[in-house]
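The values are calculated or read from the model by the stated rules, or taken from the named source; none is laboratory data. For clarity, every value in this text was computed on a predicted model and none was experimentally measured. Cβ coordinates were reconstructed from backbone atoms using ideal geometry, including for glycine residues, and neighbour counts include every protein chain displayed. Keep in mind that these areas ignore ligands, DNA and RNA; they rest on the heavy atoms of the full protein, side chains included. Shrake-Rupley method; radii C 1.70, N 1.55, O 1.52, S 1.80 Å.
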Amino acid sequence: MDESRPEVMLADVVEASRAVAATHSRTAKTQALADLLTRCTPEEVGTVVSHLSGVLPQRRLGVGFRSLRDLPEAAQTPTLTVLEVDAAFERLASAHGTGSTASRRSELRTLMSRATSAEQQFLRDLMTGNLRQGALDGVVLAAISTAYAIPAATVRRAAMLAGTAAEVATLAATGGHRALEEVALVVGRPVRPMLAASAKTTGEAAESMGGGGLIVDGKLDGIRVQVHRRGGEVSVYTRSLDEITDRVPEVVEAVAALPGGDLVVDGEAIVLRGDGRPEPFQVTGARTASSADLAGLQARMPLTTFLFDVLHVGGRDLLDESARVRHEVLLDLAPHLLVPRLLTDDRAAAEQFFADLVAAGHEGVVVKDADSPYAAGRRGSGWIKVKPVHTLDLVVLAVEWGSGRRVGSLSNIHLGARDPATGGFTMVGKTFKGMTDEVLAWQTKRFTELAVDGTDGWVVPVKPEQVVEIAIDGVQRSSRYPGGVALRFARVLRYRDDKTAADADTIDTVRGLL
DNA sequence: TTCCGACAGTGGGGTCGCAAT
DNA sequence: ATTGCGACCCCACTATCGGAA
């Protein structure tokens with residue numbers, strides 16, 4: 001190690017971030033990040049990688065957009081080192097939840113007053129999760145690959161198994177290529193979960209697979225759980241690798257009762273009604289977000305555990321085995337916990353299974369290539385989800401100015417359903433999704449024309465005349481909107497100039513989807 | 001040369017815990 | 001008691017880069 005190497009300053013990180021944001025080329029971004037990493041000591045590199053990928057090592061600071069509104073006067077010259085920043089974050093994090101808002105505020109002010117103007121902006125963006133430099137986890141992993149001359153595939157796999165880019169960078173800095181190759185699944189350390197791409201129909205999903213057999217799983221509308229059992233001790237992790245063991249005792253019990261030794265399984269926890277049909281997501285969400293009065297929660301909203309994968313069993317890693325093999329292992333291990341599942345190579349049977357599951361109240365299906373491995377942390381084509389889509393014709397009531405690459409465009413639209421009782425419109429949600437650049441340009445012009453008084457602010461009210469066809473996954477109860485209902489995952493399909501506001505769907509139609 | 005996988009960005013609704021009001 | 005804030009569950013979609021075909 002080079003003892004004379006100068007300490008890495010926050011200003012160096014800010015400069016790298018600026019350079020990254022200044023180019024659209026991913027290779028140039030990667031190189032800029034790699035240049036900085038090579039200047040870091042092994043003690044520094046974890047923090048630097050974490051900050052440059054927009055992640056706080058401390059996870060929760062208790063500092064958000066609001067507490068960062070009024071900043072102290074900026075320092076003239078940069079003096080902060082990255083390790084000093086990390087230490088300050090550490091103090092903020094440990095003061096979180098101890099009731100000492102004043103001490104956190106003072107800690108934050110001290111940090112910010114030592115930062116230059118550019119550093120203040122960077123720290124604020126980092127703390128609010130708004131780095132927007134065009135490089136997060138993926139590009140930073142590529143930079144680790146470049147900086148330490150380690151194949152990208154090795155770096156990515158290590159990240160899947162170790163969980164964070166910071167951990168991977170520290171390993172690379174201390175042990176190089178060999179250390180990353182030795183990263184393995186460790187029972188008790190969560191693995192990045194495999195994600196699913198989406199398709200409109202089961203046929204389309206099957207089309208993009210190898211054709212070597214399908215596993216069709218019910219998609220349950222609960223929360224993802226990755227469960228580890230190590231030496232009899234069970235831990236439960238969410239999709240984002242947060243530990244929720246103490247909030248889901250039913251899951252712990254179900255996995256503790258399985259035969260054999262150590263294991264890692266992947267599944268979904270969900271609250272079912274007495275008749276076996278699923279409760280709406282809001283019920284499972286409320287149940288699993290809460291930790292107070294667990295006994296009461298368990299009595300009122302018991303969780304049911306479903307498993308759809310097994311990554312490790314009794315000393316044997318299964319990540320690289322085919323889904324077919326993992327299915328056999330899971331069937332042996334926990335047949336009573338298996339998610340609703342169909343093994344088939346018949347597309348019509350898959351389509352029928354989808355229809356049956358939707359009729360049973362579930363979200364849809366996930367179609368899986370029976371020959372594919374468990375591609376941790378990736379949204380590859382091995383798994384493809386299929387959900388039914390509802391469409392509504394709604395009226396645009398207002399529009400919000402966009403941010404980032406949408407600055408200068410009217411972006412997020414407020415959606416209203418017709419209320420025949422009053423002759424007016426009831427707001428049921430917003431959306432910014434599904435718009436191409438062309439549509440953004442069109443709607444900016446259109447809604448500027450339709451704008452009514454009070455158009456100086458962030459929200460631009462418009463005459464309720466423009467009809468838009470919206471796709472949604474469903475409707476949920478709302479305490480925010482006056483109609484008592486809100487759209488779930490609304491996105492624009494197209495603007496309809498063949499319809500007037502009088503032809504729009506009514507609030508009763510929307511409520512009927514509950 | 002074209003195609004396509006992976007990534008980043010742009011935000012959506014709901015719920016809880018906690019501290020301040 | 002109520003309210004505001006922060007965190008984190010669920011998430012869809014488009015644009016873009018750069019390697020694969």
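Which entries of A:Lys219/A:Lys463; A:Lys430/A:Lys499; A:Lys29/A:Lys430; A:Lys219/A:Lys433; A:Lys387/A:Lys430 have Cα-Cα distances beyond 31 Å here?
A:Lys219/A:Lys463; A:Lys29/A:Lys430, as the Cα separations exceed 31 Å there.
Can you spot the aspartates and glutamates whose alpha carbon is less than 15 Å from A:Lys200's alpha carbon? Ignore those fewer than 8 places along the same chain.
The reachable aspartates and glutamates, counting only those whose Cα sits under 15 Å from A:Lys200, are A:Glu351, A:Glu363, A:Asp473.
When a/c is below 1.5 the answer is rounded, else prolate if a/b is larger than b/c, else oblate, so apply that to segment A:265-352 with a ≥ b ≥ c taken from the square roots of the Cα gyration tensor eigenvalues.
Oblate, since a/c reaches 1.5 and b/c is not below a/b.
Counting only protein heavy atoms and using a 1.4 Å probe, what share of the accessible area of chain A belongs to carbon plus sulfur, as a whole percent?
51
For segment A:293-411, what is Rg from Cα atoms divided by 2.2 N^0.38 Å, rounded to two decimals?
Expressed relative to 2.2 N^0.38 Å, the Cα Rg reads 1.52.
Label-point separation (nm) for A:Thr128 and A:Lys445, each offset 7 Å from Cα along Cα-to-Cβ?
About 3.3 nm, to one decimal.
Output needed: percent of Cα pairs per 10 Å distance bin for segment A:208-284, bins running from 0 to the one holding the longest distance.
All Cα pairs, binned at 10 Å, distribute as 16, 41, 29, 13, 0 percent.
Could you size up the charge dipole of segment A:105-249 around its Cα centre, putting +1 on the beta carbon of Lys and Arg and -1 on that of Asp and Glu, and report it in debye to the nearest 20?
240
Could you calculate the contour length gain from A:Val389 to A:Ala299, that is, 0.36 nm times the residue separation minus the distance between their Cα atoms, to one decimal place in nm?
Answer, rounded to one decimal: 29.0 nm.
Please work out the Cα center distance from segment A:238-268 to segment A:1-76, rounded to the nearest Å.
35
List every residue whose amide H lies under 5 Å from the amide H of A:His312, counting only residues 5 or more places away in sequence or on a different chain, with H placed 1.01 Å from N in the peptide plane.
HN-HN under 5 Å from A:His312: A:Val264, A:Leu318.
Per residue, what accessible area does chain A have, given a 1.4 Å probe and all protein chains present, in Å²?
That works out to 46 Å² per residue.
Treat each spin label as a single point 7 Å out from the Cα along the C-beta direction, and report the A:Phe65 to A:Thr436 distance in nm.
My value for the distance between the label points is 3.0 nm.
Once every DSSP H run of n ≥ 4 in chain A is given -39500 (n - 2.57) and the sum is divided by its residues, what mean residue ellipticity at 222 nm do you get, rounded to the nearest 500 deg cm²/dmol?
About -11000 deg cm²/dmol.
Using just the Cα positions, wrap chain A in a convex hull and report its mean projected area in square nanometres, one decimal place.
So the Cα hull casts an average projection of 27.9 nm².
Among A:Leu131, A:Tyr148, A:Ala118, which residue has its Cα positioned farthest towards the positive end of the charge dipole of segment A:104-263, with +1 placed on the Cβ of Lys and Arg, -1 on the Cβ of Asp and Glu, and the dipole taken about the Cα centre?
So the residue furthest toward the plus end is A:Ala118.
Once you place label points 7 Å from the Cα toward the Cβ at A:Ser25 and A:Ala286, how far apart are they in nm?
5.5
Short version: ³J(HN,Hα) in whole Hz for each residue of segment A:293-302, in order, from phi by Karplus 6.51 cos²θ - 1.76 cosθ + 1.60 (θ = phi - 60°), x for Gly and Pro, what are they?
Running phi through 6.51 cos²θ - 1.76 cosθ + 1.60 with θ = phi - 60° gives 6, 4, 4, x, 4, 4, 6, 7, 9, x Hz.
Which residues' amide hydrogens lie under 5 Å from the amide hydrogen of A:Ala375, considering only partners 5 or more residues apart or on another chain, with H built in the peptide plane?
Amide H neighbours of A:Ala375: none.
³J(HN,Hα) across segment A:52-65 via Karplus (A = 6.51, B = -1.76, C = 1.60, θ = phi - 60°), whole Hz, x for Gly/Pro?
Residue by residue, segment A:52-65 yields 6, 9, x, 10, 8, x, 7, 6, 10, 9, x, 10, x, 3 Hz.
Pick out, from A:Gln443, A:Gly429, A:Ser479, the residue whose Cα sits farthest towards the positive end of the charge dipole of segment A:397-479, with +1 on the Cβ of Lys and Arg and -1 on the Cβ of Asp and Glu.
A:Ser479
Can you give the extra length, in nm with one decimal, that the chain gains between A:Val459 and A:Glu328 once fully stretched, where that is 0.36 nm per residue apart less the Cα-Cα distance?
Extending this stretch completely gives an extra 41.7 nm.
According to the square roots a ≥ b ≥ c of the eigenvalues of the Cα gyration tensor, what is the shape class of segment A:145-278, taking rounded for a/c under 1.5, prolate for a/b larger than b/c otherwise, and oblate for the remainder?
It comes out oblate by the Cα gyration axes.
Where nothing but the Cβ of Lys and Arg (+1) and of Asp and Glu (-1) is charged, how large is the charge dipole of chain A around its Cα centre, in debye to the nearest 20?
For chain A, the charge dipole is close to 820 debye.
How high is the FRET efficiency from A:Thr344 to A:Ser381, r the C-beta distance, R0 22 Å, rounded to 0.05?
About 0.75, to the nearest 0.05.
Output wanted: per-residue J couplings in Hz (rounded whole) for segment A:364-369, from phi through Karplus 6.51 cos²θ - 1.76 cosθ + 1.60, θ = phi - 60°, x for Gly and Pro.
Running phi through 6.51 cos²θ - 1.76 cosθ + 1.60 with θ = phi - 60° gives x, 9, 10, 8, 10, 6 Hz.
Given a Förster distance of 51 angstrom, what is the FRET efficiency for A:Thr41 paired with A:Ala502, based on the Cβ-Cβ distance and rounded to 0.05?
0.15
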